[in-house]
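Read-outs throughout are calculated quantities, based only on the coordinates presented, and are distinct from any laboratory measurement. Computed from a predicted structure; not experimentally measured. Every residue, glycine among them, receives a Cβ derived from its backbone with ideal geometry; neighbour counts consider all protein chains shown.
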Amino acid sequence: MKFCDDETMIDDGISYERAMACIQSEDEKEIQEMMAIAGRLTRRHHGNRADLCGIVNAKSGLCPEDCAFCAQSVKFPTQVRRYPLLDPEMIVAKAREAKKRGACEFCIVTSGRSLTDEEFKQLLEIVAAVRKRAVIQVDVSIGFLDYPRARQLKEAGVTRVNHNVQTSSGFYSRIVRTHTYGERIKTLTAIREDERLVSR
Ligand code: SF4
């Protein structure tokens, strides 16, 4: 399969079938070509610029899950700092600092499988405070979610939810044993039920 020199693909897009064939390639040269085309596509349609996103590690360590790549898990002897949900004032200050440095989005990230009801309530208050006082777009990455929580996030003004699937369904059980790929997809489905709450 040839990827480069294909201006039609860059201008007019790519069919579903061809995209599926591309992403299944294991050929090193083809993967490099795909990356080059992805770069050209980005510059063609979005120019040579990047949007900056600030981030705060708002709750750190002590996660009971065992994702093999993650320093936040209690299962591994990492040196990561451990602390509960940060004080709202501190998070607002970090959001203001991010905006001052050029960020247009600010993502609040918490360790753990999911927030407790009390923590989730606090998070909604923090989102409101950041939007009002730092005047910046707010995103969150807070672990598993159901639809009622996704809905509350949207109502609180959250723009995006980050929830990574990490790897393929076939490989998932080799890096995580405490939850399944299906559970991650369930959270993405809950987020996407509300079309304006975009996940990434
Ligand atoms: S669930 Fe999240 S915080 Fe916990 S170990 Fe996995 S990736 Fe890390």
Exercise. Over the chain, what is the relative contact order in whole percent, taking alpha-carbon pairs under 8 Å and six or more residues apart?
Worked result: 18
Problem set entry | the chain: most fluctuating residue of S73, S141, S15 per GNM, C-alpha cutoff 10 Å | S15
Exercise. From the residues V176, L145, A95, which one has its Cα farthest along the dipole of the chain in the positive direction, the dipole being from +1 and -1 charges on Cβ of Lys/Arg and Asp/Glu about the Cα centre?
Worked result: A95
Problem set entry | Charged-residue dipole, Cβ positions (Lys, Arg, Asp, Glu), the chain about Cα centre, Debye nearest 20 | 880
Seminar exercise, completed: Binned at 5 Å starting from 0, the alpha-carbon pair-distance distribution of the stretch 68-130 in whole percents comes out as 3, 15, 22, 20, 17, 16, 6, 1
Exercise. Using the Karplus equation 6.51 cos²θ - 1.76 cosθ + 1.60 (θ = phi - 60°), what ³J(HN,Hα) coupling, rounded to whole Hz, does each residue of the stretch 133-146 give in order, writing x for Gly and Pro?
Worked result: 9, 9, 6, 9, 5, 10, 10, 9, 9, 10, x, 5, 9, 10
Problem set entry | Dipole of the chain, positive end: most advanced residue of I31, A190, F106 [Cβ charges, Cα centre] | F106
Problem set entry | Set K29/K186; K59/K186; K100/K186; K132/K154; K75/K186 screened for pairs whose C-alpha atoms are more than 26 Å apart | K29/K186; K100/K186
Exercise. Kirkwood hydrodynamic radius (Cα pairs, Å) of the stretch 51-101?
Worked result: 12.5
Exercise. Okay, helix-only estimate at 222 nm for the chain: each DSSP H run of n ≥ 4 adds -39500 (n - 2.57), divide by all residues, round to 500 deg cm²/dmol; what do you get?
Worked result: -14000 deg cm²/dmol
Problem set entry | Under 5 Å, built H, 5+ apart or other chain: amide partners of L62 | V74
For this session: Please list, in chain and number order, the residues 5+ apart from I55 or on another chain whose amide H is under 5 Å from its amide H, with Hs placed from the backbone.
Result: C107
Problem set entry | Cα gyration tensor, the stretch 20-147 - rounded (a/c under 1.5), prolate or oblate | oblate
For this session: Taking the Cβ of C63 as the centre, find all other residues whose Cβ is under 14 Å away and add up their charges (Lys, Arg: +1; Asp, Glu: -1).
Result: +3
